[in-house]
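Everything on this sheet refers to the single structure shown next.
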Amino acid sequence: MEKKRILFIVNPFAGTSSKHNISDQIHKFLDQEKYDCQIKFTGYPQHGHEIALQAVKDGIDIIIANGGDGTVNEVASAIVGSNSTFGIIPGGSGNGFSMHLGLGRSFQKAMKAINDGKIITIDTCKLNDSFYVNVAGFGFDARIAFLTKANKERGFTHYFTTTLKESKKFKAEHLKLDIDGKVIEGNFAAAVVANASRYGYSFTIAPTAQLTDGVLDIILIKEASVPRYFLSAYRFFNKTLHLSSLTEAHQGKRIKITSPNPVYYHLDGEGFEAINEFTVEIVPKSLKLIIPSDTDVK
């Protein structure tokens with residue numbers, strides 16, 4: 001049997017732990033009879049995207065991202081619509097998409113999936129001119145993502161302390177959403193457009209979201225006092241946020257979001273400068289993805 005060509009794209013700066021021996025670990029656990037392996041390291045933002053684009057052009061069969069949700073986005077967005085198959089080794093701080101796939105933070109589970117898992121074809125999302133695979137957010141959560149991106153510190157503690165600090169300046173955003181022709185307008189702490197269910201750190205933002213259902217899940221977090229948000233935080237962990245009186249849940253295939261004031265946004269946890277207008281669309285069955293053989297991911 002001819003070996004498949006597999007490329008591992010490693011972000012050495014992701015997460016809080018060192019990746020100095022990651023190459024040895026990959027070679028140790030990879031099925032060498034099945035794969036012809038290459039490993040490349042990223043050196044700067046969007047380098048993973050560049051490497052993956054070239055790998056697609058070169059006809060690499062399987063492209064694996066090792067890093068956090070930002071690395072996942074860089075690599076996956078380059079593979080959308082191609083013949084290459086995408087996979088993940090979790091190596092970041094939050095690892096939201098990995099959590100949704102049932103990989104958790106486990107290197108060994110990810111390598112087992114690569115060796116003998118299964119391949120499904122999932123939906124992706126397009127926000128203006130950029131693709132994402134997990135979650136996009138607009139408003140307060142995106143502001144936190146933007147601020148933490150600018151800081152070299154990583155991990156939940158930094159994310160949490162930034163949230164506490166910024167909550168003192170909290171102000172809801174006035175958003176107008178057109179969801180497949182249905183218009184919703186009001187003041188919201190955040191709007192989330194999800195393809196999968198998880199933020200990082202096991203926060204479940206869209207419990208009903210599925211990667212293969214052909215629709216986007218929209219969670220609107222209503223304007224309220226900061227203490228009410230903190231009192232409802234437990235819903236992120238018991239997967240009931242969509243049932244809270246603080247939220248509205250919708251589904252759609254195309255969403256246009258506008259605001260009179262510029263709004264911060266994030267793609268798969270990577271924060272970006274505020275702008276006024278966004279269009280999000282589902283791109284059905286556009287990415288081949290490796291998942292564990294014993295996981296029923298939808």
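Would you mind classifying the stretch 241-287 by shape? Square roots of the alpha carbon gyration tensor eigenvalues, ordered a ≥ b ≥ c; an a/c under 1.5 is rounded, otherwise it is prolate if a/b is larger than b/c and oblate if not. The shape class here is oblate. Contact order for the stretch 134-293, expressed relative to its length and based on alpha carbon pairs under 8 Å spaced 6+ residues apart, stands at 30 percent. Taking every DSSP helix (H) stretch of at least 4 residues in the chain, weighting each as -39,500 (n - 2.57) and dividing the sum by the residue count yields a mean residue ellipticity at 222 nm of -7000 deg cm²/dmol. If the label point is 7 Å along Cα→Cβ of Leu243, which residues in the stretch 178-204 have backbone nitrogen under 16 Å from it? The answer is 204. Per-residue Cβ neighbour counts within 10 Å put Val192, Val56, Val10 in the sequence Val56, Val10, Val192, beginning with the fewest.
Treating only the Cβ atoms of Lys and Arg (+1) and Asp and Glu (-1) as charged, compute the dipole magnitude of the stretch 152-223 about its Cα centre; round to the nearest 20 debye. Can you show the working numbers first?
Working: 10 positive and 9 negative charges, 97 e Å.
So the dipole magnitude of the stretch 152-223 works out to roughly 460 debye.
With neighbours defined as other Cβ atoms within 10 Å of a residue's Cβ, the residues His49, His27 order from fewest to most as His27, His49.
Secondary structure note: in the chain, about 75% of the DSSP beta bridges are antiparallel. For the stretch 171-223, what does the alpha-carbon gyration tensor say about shape, rounded, prolate or oblate, given a ≥ b ≥ c as the root eigenvalues, a/c under 1.5 as rounded, and a/b over b/c as prolate? Verdict is oblate for the stretch 171-223. Which of rounded, prolate or oblate describes the stretch 61-118 when judged by the alpha-carbon gyration tensor and an a/c cut-off of 1.5? Verdict is oblate for the stretch 61-118.
Pulled fully out, how much extra length does the chain show between Phe170 and Gln108, if you take 0.36 nm times their separation in residues and subtract their Cα-Cα distance?
Details: separation 62, 0.36 × 62 = 22.32 nm, distance 4.08 nm.
Working it through step by step, the gained length comes to 18.2 nm.
Between the stretch 63-77 and the stretch 86-142, how far is it from one alpha carbon centroid to the other, in angstrom? Here the answer is 8 Å between Cα centres.
Read-outs throughout are calculated quantities, based only on the coordinates presented, and are distinct from any laboratory measurement. Note that the coordinates shown come from a computational prediction; the quantities given were computed from them, not determined experimentally. Here Cβ is always computed from backbone atoms with ideal geometry, including for glycine, and neighbour counts include all displayed protein chains.
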